[in-house]
Amino acid sequence: MSKVEGTILCGKCKVAISGPAEGLTNESICRCPQCGQEGRYDKIIEEVQAYFTDTAKAALDRSLDRIASGSSFIKVTQHFSPSPREYRFITDKLPDL
Ligand SMILES: [Zn+2]
């Protein structure tokens with residue numbers, strides 16, 4: 001089973017989703033206590049990992065921008081534009097960069 005660090009949150013409500021207290025498996029259904037959207041645990045993990053990867057890319061891009069702005073030799077011409085994708089499930093643990 002894949003591991004995700006941090007707490008899995010509902011992408012809309014930013015509240016922790018709830019699943020079975022014990023015996024969480026890939027087939028477990030987890031649900032947002034606030035808006036009620038639910039999904040299978042393995043699909044939720046996939047979504048959270050995609051969110052995490054995109055967030056890491058954006059953070060890396062920002063730090064590259066910072067480095068480049070202090071140098072007259074490096075020009076950053078490509079900018080990361082946040083994807084318009086709405087994540088149904090996210091995590092409160094952000095990449096350390
Ligand atoms: Zn929700």
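Laboratory data are not the source of any read-out in this text; all were calculated from the coordinates shown. What you see is a predicted model; the values in this text were computed from it and never measured. Ideal geometry is used to build each Cβ from the backbone, glycine not excepted, and the neighbour counts take in all protein chains shown.
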- Task: Filter the trypsin sites (Lys or Arg not before Pro) in region 3-45 to those in DSSP coil with at most 16 other Cβ atoms within 10 Å of their Cβ, and list the result.
- Result: Lys3, Lys12, Lys14
- Built amide H within the under 5 Å cut-off of Phe89, gap 5+: Gly11
- 19 Å Cα-Cα reach of Lys43 towards aspartates and glutamates, excluding residues that sit fewer than 8 places from it in its own chain: Glu5, Glu22, Glu27, Asp54, Glu86, Asp92
- Message: What does the extension gain come out to for Asp54 and Ile29, with contour length at 0.36 nm per residue minus their alpha carbon separation?
- Response: 6.5 nm
- Query: Hey, got the Cα dimensions of region 8-74 along the principal axes, in Å, largest first?
  - Reply: 55, 22, 15
- Query: For Glu5 and Arg85 in one chain, what is 0.36 nm times their gap in residues minus the Cα-Cα distance, to one decimal in nm?
  - Reply: 26.7 nm
- Task: Only Lys, Arg, Asp and Glu count, each charged at its Cβ (+1, +1, -1, -1), so figure out the dipole size of region 8-74 about its Cα centre, rounded to 20 debye.
- Result: 280 debye
- Message: Projecting each Cα onto the charge dipole of region 8-74 (Lys/Arg +1, Asp/Glu -1 at the beta carbon, about the Cα centre), which of Gly70, Leu60, Gly23 comes out farthest on the positive side?
- Response: Gly70
- Put in order of increasing Cβ neighbours within 10 Å, starting from the fewest, Tyr87, Tyr51 give Tyr87, Tyr51
